[in-house]
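Q: Take a look at the following structure, please.
The values are calculated or read from the model by the stated rules, or taken from the named source; none is laboratory data. If you're wondering where the values come from, they're calculated on a predicted model, not measured in any experiment. Note that we place each Cβ from the backbone using ideal geometry, even for glycine, and neighbour counts take in every protein chain shown.
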C-alpha cells in the first residue's frame with residue numbers, strides 16, 4: 001500500500017500558537033509579522049524585564065492587534081518561587097565528581113566548595129538522601145548530612161556552576177509560598193492592564209491558584225489562570241489543579257529535570273487528556289523548535305514532537321526562546337503553523353478528528369459532557385459546515401472545543417475580552433458582535449457561517465447556546481440550521 005503524504009491544508013488551523021516576546025520580537029513591526037504568521041496568544045515572561053518595558057510591549061500588542069482586527073490574547077507568565085543558588089566570588093565554581101561540597105542557606109558569597117542558596121528554607125525542606133539538581137539538571141549533588149544551615153553534599157555529576165542558576169529538588173515538598181513579592185507586584189501590574197491570562201509557575205496544589213484568585217478580587221475584570229505543570233507535586237495533584245484553574249501549561253523544562261526524560265511524554269499525554277475531559281485548554285511548551293534559535297530549519301525530532309502534540313489534541317503549542325531571543329522568530333511561527341496544518345489535515349481526512357472526540361463512559365453523565373458529545377456526533381453525522389456558538393463568557397465555546405468536533409467553530413461574543421480568551425481554544429474562531437445581533441441568533445449564525453467560512457446556501461450548520469459559568473444556570477440548546 002502506498003503511503004500518502006499529500007494532504008490539502010485546512011482553511012483554519014485548529015491548534016493555536018503561543019509565542020513568547022523578547023528582545024528580538026517586541027517591536028510593532030515584528031509583532032505584526034508574528035500575527036500574520038499565525039500567532040494567537042503572546043506570552044510575556046515576567047522573569048525578565050521591568051514594569052516599564054512590559055507595559056510598553058503590552059500596549060504595542062493591543063495596538064497592533066486592533067489595527068489588524070485580530071483578537072490576540074496576552075499571557076503574562078509569573079516567575080513563581082524559582083529556587084536558585086546565590087553569587088560566587090568569580091562568577092562560578094567548578095564541581096568535580098566525588099567532591100565534598102557544602103550548600104548553605106547563610107547570606108554569603110560562594111567559593112570553591114561552598115554554594116550559597118538564595119532559597120533560605122532549603123535546609124528545612126531537604127533531607128539526607130535528597131537529590132539537588134543545578135542548571136536544569138546538568139549538575140547533581142546528593143545530600144549526605146544536614147547541620148543547621150549547612151547541607152553537606154557529594155558531587156554526583158560535576159561541571160561549572162554559575163551565578164544564580166536554578167536548583168531543582170525532585171520528589172521534595174517545597175515550603176516556599178506559591179506567590180513571591182515580585183509575583184504579587186507583577187500580577188497587579190498586568191491585572192491593571194487587563195491581561196487575558198496569568199501563568200502561575202510551579203503550581204503544586206489547588207490552594208496555590210486560590211491565592212492568585214484572592215488577589216484578583218481587587219480588580220474589576222480578573223484574568224484566566226493558566227497553571228503551569230512543571231514538578232512532581234503538580235502531577236500528584238493534577239486533578240485538583242486542573243479543576244481549580246482555567247487551563248494548564250505542560251511546562252516541560254523544569255518537568256524534564258524533575259522526571260526521568262522518558263517519563264515526560266507520558267505525563268504530557270495524560271495531562272492533555274485530563275484537561276480536555278474537564279473542558280480546560282492545555283498548552284504544550286518548551287523546546288518545541290529549539291534548533292531554530294540559530295537555524296532556519298528544525299530538526300526532524302522537533303517536527304515529530306510538535307506533530308505528537310497536535311495529534312494528541314492539545315489546544316495550543318508554544319514557542320519560548322525561539323521567538324523571544326532567536327534569530328528567526330517569524331520563520332519559527334510559520335514553521336509551527338505548517339506542521340500543525342498538515343497534521344490536522346491528515347487527521348481530518350482520515351477520521352474527521354474522530355480519534356480526539358471525547359465520550360464519557362457510564363451514564364448518567366454531566367449535562368455539559370452530554371451536550372458537548374452530541375455536538376461532536378452531530379457535526380460528523382450531518383457533515384455540518386461549521387458550529388456556531390453564542391458565548392458571553394466563553395464557557396459554551398470551551399465545552400464545544402473540548403470535544404474536538406470535525407467542523408470548525410465560530411464563537412460569537414459581545415465582549416472583546418471573551419473573544420481574546422476564546423482565541424486559545426482549539427478549533428475556535430472568535431468573532432466580536434453586538435448584543436442585538438446575538439439576540440437574533442439564527443440570522444447571526446447564518447451570516448457568520450458565510451462571512452467566516454464561506455458557507456453556501458443549503459449548507460447545514462449547528463448553533464449552540466445556553467451554557468453558563470454557573471452550572472446551575474445551564475440551559476443549553478442545539479439547533480440545526482440551513483444557511
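Q: Among the residues that make up the stretch 340-360, is at least one of them in contact with a strand residue (DSSP E or B) (Cβ under 9 Å, 6 or more places away or on another chain), under 15 Å from residue 480 (Cβ atoms) and not in a loop (DSSP other than H, G, I, E, B)?
A: No; the residues of the stretch 340-360 include none that is in contact with a strand residue (DSSP E or B) (Cβ under 9 Å, 6 or more places away or on another chain), under 15 Å from residue 480 (Cβ atoms) and not in a loop (DSSP other than H, G, I, E, B).
Q: Could you say whether any residue in the stretch 119-126 is touching a residue at least 60 places away in the same chain (Cβ under 8 Å) and either on the phi > 0 side of the Ramachandran plot or in contact with a strand residue (DSSP E or B) (Cβ under 9 Å, 6 or more places away or on another chain) (or both)?
A: No, the conditions are met nowhere in the stretch 119-126.
Q: Separate question: It is to be established whether one or more residues within the stretch 90-108 are in contact with a helix residue (DSSP H, G or I) (Cβ under 9 Å, 6 or more places away or on another chain) and not in a loop (DSSP other than H, G, I, E, B). Walk me through how you get there before you give the answer.
A: Of the residues in the stretch 90-108, the ones in contact with a helix residue (DSSP H, G or I) (Cβ under 9 Å, 6 or more places away or on another chain) are 103-105.
When the remaining residues are screened for being not in a loop (DSSP other than H, G, I, E, B), the result is 103-104.
Yes, the stretch 90-108 contains at least one residue that is in contact with a helix residue (DSSP H, G or I) (Cβ under 9 Å, 6 or more places away or on another chain) and not in a loop (DSSP other than H, G, I, E, B).
Q: Still on this structure: Do we find a residue being farther than 17 Å from residue 429 by Cβ, at pLDDT 95 or above and in a loop (DSSP other than H, G, I, E, B) anywhere in the stretch 50-73? Write out each step before concluding.
A: Residues of the stretch 50-73 that are farther than 17 Å from residue 429 by Cβ, as a first pass: 50-64, 66-67.
Applying the additional criterion that residues be at pLDDT 95 or above yields 50-64, 66-67.
If we keep only those that are in a loop (DSSP other than H, G, I, E, B) too, we end up with 50.
Checked the stretch 50-73: at least one residue is farther than 17 Å from residue 429 by Cβ, at pLDDT 95 or above and in a loop (DSSP other than H, G, I, E, B).
Q: Return only the number of the condition from (1) farther than 26 Å from residue 76 by Cα; (2) buried (at least 17 other Cβ atoms within 10 Å of the Cβ) that residue 296 does not satisfy.
A: Result: residue 296 passes all but (2).
Q: Considering each of 22, 32, 49 in turn, give the residue that is free of Cβ contacts under 8 Å to residues at least 40 places away in the same chain, surrounded by 13 or more Cβ atoms within 10 Å (Cβ to Cβ) and within 30 Å of residue 161 (Cα to Cα). Reasoning before the result, please.
A: Working: 22 fails: free of Cβ contacts under 8 Å to residues at least 40 places away in the same chain; 32 fails: within 30 Å of residue 161 (Cα to Cα).
Just one listed residue meets the conditions, 49.
Q: Could you tell me which of the residues 43, 14 is within 18 Å of the chain's Cα centre (by Cα), touching a residue at least 60 places away in the same chain (Cβ under 8 Å) and assigned to a loop (DSSP other than H, G, I, E, B)?
A: Values: 43 fails: assigned to a loop (DSSP other than H, G, I, E, B).
Testing whether each residue is within 18 Å of the chain's Cα centre (by Cα), touching a residue at least 60 places away in the same chain (Cβ under 8 Å) and assigned to a loop (DSSP other than H, G, I, E, B) leaves just 14.
Q: Quick one: which residue in 450, 456 is assigned to a loop (DSSP other than H, G, I, E, B) and out of contact with any helix residue (DSSP H, G or I) (no Cβ under 7 Å at 6 or more places or on another chain)?
A: Values: 450 fails: assigned to a loop (DSSP other than H, G, I, E, B).
Unique residue meeting the criteria: 456.
Q: Here is a follow-up. What single numbered condition from (1) at pLDDT below 95; (2) exposed (fewer than 14 other Cβ atoms within 10 Å of the Cβ); (3) under 25 Å from residue 253 (Cβ atoms) fails to hold for residue 94?
A: Only one criterion is unmet by residue 94, namely (1).
Q: Has the stretch 418-434 got any residue that is over 25 Å from the mean Cα position of the chain (by Cα) and more than 28 Å from residue 277 (Cβ to Cβ)? Before the answer, list the steps.
A: First, the residues of the stretch 418-434 that are over 25 Å from the mean Cα position of the chain (by Cα): 433-434.
If we keep only those that are more than 28 Å from residue 277 (Cβ to Cβ) as well, we get 433-434.
Yes, some residue in the stretch 418-434 is over 25 Å from the mean Cα position of the chain (by Cα) and more than 28 Å from residue 277 (Cβ to Cβ).
Q: Would you mention how many residues in the stretch 109-129 are under 28 Å from residue 251 (Cβ atoms) and part of a loop (DSSP other than H, G, I, E, B)?
A: 7
Q: If residue 351 satisfies all but one of (1) in contact (Cβ under 8 Å) with a residue 12 or more places away in the chain; (2) farther than 23 Å from residue 26 by Cβ; (3) out of contact with any helix residue (DSSP H, G or I) (no Cβ under 6 Å at 6 or more places or on another chain); (4) surrounded by fewer than 23 Cβ atoms within 10 Å (Cβ to Cβ), what's the number of the condition it fails?
A: (1)
Q: So which residues in the stretch 399-426 are in a loop (DSSP other than H, G, I, E, B), in contact with a helix residue (DSSP H, G or I) (Cβ under 6 Å, 6 or more places away or on another chain) and closer than 21 Å to residue 39 by Cβ?
A: As a first pass, look at the stretch 399-426 and keep what is in a loop (DSSP other than H, G, I, E, B): 403-408, 414-415, 423-426.
Those still in the list that are in contact with a helix residue (DSSP H, G or I) (Cβ under 6 Å, 6 or more places away or on another chain) too: 403-407, 414, 425-426.
425, 426, listed by residue number.
Q: Report, by residue number, each residue of the stretch 130-156 that is farther than 13 Å from residue 167 by Cα, without any contact (Cβ under 8 Å) to a residue 60 or more places away in the chain and not in a loop (DSSP other than H, G, I, E, B). Spell out how you get there, then give the answer.
A: Step one: of the stretch 130-156, the residues farther than 13 Å from residue 167 by Cα are 143-156.
Pick out the ones that are also without any contact (Cβ under 8 Å) to a residue 60 or more places away in the chain and you get 143-154, 156.
Across the stretch 130-156, the qualifying residues are 143, 144, 145, 146, 147, 150, 151, 152, 153, 154, 156.
Q: In addition: Say we look at the stretch 465-483 and pick out the residues that are assigned to a strand (DSSP E or B) and modelled with pLDDT under 90; which of these is surrounded by the fewest Cβ atoms within 10 Å (Cβ to Cβ)? It would help to see each step written out before you state the result.
A: So in the stretch 465-483, the residues assigned to a strand (DSSP E or B) come out as 465, 477-482.
Filter once more, so that each one left must be modelled with pLDDT under 90: 465, 477.
On the way: 465: 19, 477: 12.
Residue satisfying both the conditions and the ranking: 477.
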